[in-house]
1. Can you tell me which residue among 272, 221 is modelled with pLDDT under 95, among the aliphatic types (A, V, I, L, M) and either within 30 Å of residue 154 (Cα to Cα) or surrounded by fewer than 18 Cβ atoms within 10 Å (Cβ to Cβ) (or both)?
2. What do you reckon, is residue 200 modelled with pLDDT of 95 or more and in contact with a strand residue (DSSP E or B) (Cβ under 9 Å, 6 or more places away or on another chain)?
3. Which residue is nearest to residue 92 (Cα to Cα), if the candidates are limited to the stretch 159-187 and must be of a type in the set (Gly, Ala, Ser), without any contact (Cβ under 8 Å) to a residue 60 or more places away in the chain and not in a helix (DSSP H, G or I)?
4. Only one residue in 308, 373, 381 is at pLDDT below 95, crowded, with 22+ Cβ neighbours inside 10 Å and not acidic (Asp, Glu), so which one is that?
5. Check the stretch 111-131 and report whether any residue there is charged (D, E, K, R) and at positive phi.
6. I'm told residue 314 meets every condition in (1) more than 19 Å from residue 78 (Cα to Cα); (2) hydroxyl-bearing (Ser, Thr, Tyr); (3) touching a strand residue (DSSP E or B) at 6+ places or on another chain (Cβ under 6 Å) except one. Can you identify the failing condition by its number?
7. What are the residues in the stretch 64-104 that are small (Gly, Ala, Ser), touching a residue at least 24 places away in the same chain (Cβ under 8 Å) and farther than 15 Å from residue 177 by Cα, if any?
8. Among the residues of the stretch 90-126, count how many are part of a helix (DSSP H, G or I) and either charged (D, E, K, R) or closer than 19 Å to residue 353 by Cα (or both).
Amino acid sequence: MAQNVGNLWHLAEPMTELKSLDEVLQADVAIVGAGYTGLSCALHLAQQGKDVVVLEARDIGYGASGRNVGLTNAGLWIMPKEAERLLGAERGKRLNQFLIDAPHYVDQLIETHEIDCDYKRNGTLHLAHNRRAVVYLNKRAAQMAEYGADVSLLDRTSAFELTRAEGYFGALRDAGAGTLQPLKYCIGLTRAALAAGVRIYTHSAVLDIERINGNIGRNIAGNTRLKTQNGYVTAGNIILATNAYEEKISYNKGLYTPLYYCQLASEVLSEARREQCLPANMGCWDSGAVMRSFRTDAAGRLLVGTVGNIHTASANGLKNWSQHVVGKTFPHIGELNYQYAWAGRIAKSVNNIPQIQELHKGLYQIVGYSGRGIAPATVTGKLMADYLCENISIDELPLPFNALKNISFNRVRAAIYEIGCQMSHISDFIMR
């Protein structure tokens, strides 16, 4: 992590009013993790009359919720038909519809709670890095359109007019998606949850989960206790919403493969330079095996991202790679001065579908957004709230409860992914 240049999103005004837990509390539901999933779940539970406590080990949005690119994309990484194959036709179609509609719900939340997060719903672009990718994007567009997604395939000329990005052969445009400042969105969810009566504590890492008796039930309060350094929370239902940032407890580390995504942000560009780089202000990512992303922020900085970690505090390797990539992709904007560099950890599930487990009766875990978390995590948090409030049955859940199954050779997989990403960055100087 490049500590000396830091995370651009941390320019958001921090929440200084929250404190750590130093007392003994009771609640209907206790949630571990103050990211999109946990905060959305807490907000929707409180709106339905539940007493909710959220415990965060660090600060609000410390994990992926405060580190990601900030694209409110629809659906899964995998194709809709693949989800139907993996989950069965009925369940797969239900999940596809649920996640393809997810950006619209983010839109509603932002409007309802007046969340200031630099939100622009002007579409995103999935860029085709070669001609074969155009065929893939055409199939993806057709499959998403079956679910009512407002998507269209752009030819090379149209994609270039919107991006000024050289070397791409077309793009899939999702008009229902957009961009936001991810940490500000997370802070906005926090303020909405607080206003609804949720009690939120930061710097309160959960050290242990204690079963008080054997009668944990879906609507029975007071059976499970979360222990922190200076306090306890007893609740009938517990939701672990830490994704790839579980710290003191270890319930999910074998259930996902950790990947990293790193980003750079330039100085604020002049209007003339902005005309040569994403003039439509649309967030983009490409179809390469080791993905690249491009977007601008509200101030007019260019953000460049790719899969892989930074590894050095100076981020010089990433900066050199980005200068090469940007020089070929946006050749008319000139050399960039990068002022921010950061990375975040992704929880990649075995099938790139988010996983929900019921570890014990009343103890639930959500993990594995696989790098597509803003909209899916928001609606999954609401889904769990609706389930706990008995608005939806287990058979109606778009995401089925899965049995615990550790991924084989997980650490080896993670190392191979990281080495492969770094080798791809090196090969970009020759091949792309």
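1. Unique residue meeting the criteria: 221.
2. Judged against the criteria, residue 200 is a match.
3. The residue in question is 175.
4. Exactly one residue qualifies, and that residue is 373.
5. Scanning the stretch 111-131, I find at least one residue that is charged (D, E, K, R) and at positive phi, so the answer is yes.
6. In the conditions (1) more than 19 Å from residue 78 (Cα to Cα); (2) hydroxyl-bearing (Ser, Thr, Tyr); (3) touching a strand residue (DSSP E or B) at 6+ places or on another chain (Cβ under 6 Å), residue 314 misses (3) alone.
7. Answer for the stretch 64-104, where residues must be small (Gly, Ala, Ser), touching a residue at least 24 places away in the same chain (Cβ under 8 Å) and farther than 15 Å from residue 177 by Cα: 64, 65, 66, 83.
8. 15
The values are calculated or read from the model by the stated rules, or taken from the named source; none is laboratory data. Just so it is clear, the model here is predicted, and its values are computed rather than measured. No Cβ is skipped: glycine too gets one built from the backbone with ideal geometry, and neighbour counts run over all protein chains shown.
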